[in-house]
1. Mind checking which pairs have a first residue in the stretch 201-216 that is in contact (Cβ under 8 Å) with a residue 60 or more places away in the chain and within 19 Å of GLU127 (Cα to Cα) and a second that is among the hydrophobic types (A, V, I, L, M, F, W, C) and not in a helix (DSSP H, G or I), Cβ under 6 Å, 6 or more apart or different chains?
2. Tell me which residues, restricted to the stretch 86-141, are more than 15 Å from the chain's Cα centre (by Cα), among the aromatic types (Phe, Trp, Tyr) and crowded, with 21+ Cβ neighbours inside 10 Å.
3. Can you find a residue that is within 15 Å of the chain's Cα centre (by Cα), among the polar types (S, T, N, Q), closer than 17 Å to SER116 by Cβ and modelled with pLDDT of 95 or more anywhere in the stretch 209-220?
4. Go through the residues of the stretch 28-50 one by one and say whether even a single one is farther than 27 Å from LEU168 by Cα and in a helix (DSSP H, G or I).
5. Yes or no: the stretch 69-87 includes at least one residue that is touching a strand residue (DSSP E or B) at 6+ places or on another chain (Cβ under 8 Å) and either modelled with pLDDT under 95 or within 19 Å of LEU211 (Cα to Cα) (or both).
6. Identify all residues within the stretch 1-20 that are within 19 Å of TYR217 (Cβ to Cβ), over 16 Å from the mean Cα position of the chain (by Cα) and surrounded by 18 or more Cβ atoms within 10 Å (Cβ to Cβ); write none if there are none.
7. Of everything in the stretch 51-107, what is of a type outside the set (Lys, Arg) and outside any helix (DSSP H, G or I)? Give them in sequence order.
8. Would you point out the residue of the stretch 12-23, among those that are in contact (Cβ under 8 Å) with a residue 40 or more places away in the chain and of a type outside the set (Val, Ile, Thr), that is farthest from TYR111 (Cα to Cα)?
Amino acid sequence: MNGKIIITVTAIIAALAIVAAGAGLFWDGFYKHDTKSGAAQEAGNDLVTLAVCVPLLLASAYFAAKGSLRGRLMWTGMIFYFLYTYAMMSYMTAYNQLFLAYVAIYSLALYAFGASLLTLDVRRVKESLPRAPVKAAAALTFLASLTLTLMWLGTIVPPLMSGQAPALLETYTTLVVQAMDLGVLVPLGLVTGVLLLKGNAWGYALASVFLIKCATYGTAVLSMALFQLLSGIEVFVPFVLAVFLLVASAAALSVAFYGKMTSTSASAPAPAGKAVAA
């Protein structure tokens, strides 16, 4: 993927995210049309986006543009964070002055993520990770997928069977977070785990995306819980503890994955006839 494209797309996403997250944090009453719980969660997410994810996006883009394979994998994972976060902001956050910024970030991240995966030499990724903790990473993807499935179905199915609306719905028209998790994250985790255990090169590439997503968005969820507590909203402590363990595990595995890369250059050619085959 062209380095200039990486830098350009990153600069636009970062600039828009700084404005959007900054408004959510420092513009008093910016989320006034959202529920109290929703506003607290959005502000918590904004804090992590501004303080953690924008810097990580910029740093990974710098190295990815210079041809670093490690940088490219981290950049792809960070782009997925912005894709996921601002897709939910576009669909769920009550309409406000920055709606078009949410959509722009979401759209840019969507196509950048697709382009990065399509141009990624996944065989080289696998060859660069001969000592990666594959089984541990696969176990985490399965565990995260199972946890999300049981958690969300447990809150959706009983009200559905009784003909009532789920408590999570609050004043919203549908369950956007749950739809995204069950429709995107759960399948991604299951597919990634299966591919890893089969030794498929795509499993190694997708594992980096999934691990970074768990580490970054999991941190955002912890921040959301903190902002809810500060707003006087009760949080489910076992859920917060489970997320903390997930974040810690994903961060540790991410360090293990990238720390064990035998080659960090994305520029060296793959063996003839084996460019991107799994």
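The values are calculated or read from the model by the stated rules, or taken from the named source; none is laboratory data. Note that the coordinates shown come from a computational prediction; the quantities given were computed from them, not determined experimentally. In this analysis, Cβ positions are derived from the backbone assuming ideal geometry, glycine residues included, and neighbour counts consider all displayed protein chains.
1. If the second residue must be among the hydrophobic types (A, V, I, L, M, F, W, C) and not in a helix (DSSP H, G or I), the pairs left are ALA201/ALA278; TRP202/ALA278; TYR204/LEU129; ALA205/LEU120.
2. The answer is TYR102, and nothing else.
3. The answer is yes, given that some residue of the stretch 209-220 is within 15 Å of the chain's Cα centre (by Cα), among the polar types (S, T, N, Q), closer than 17 Å to SER116 by Cβ and modelled with pLDDT of 95 or more.
4. no
5. yes
6. LEU16, ALA20
7. GLY67, SER68, THR93, ALA94, TYR95, ASN96, GLN97, LEU98
8. The extreme case among them is ALA23.
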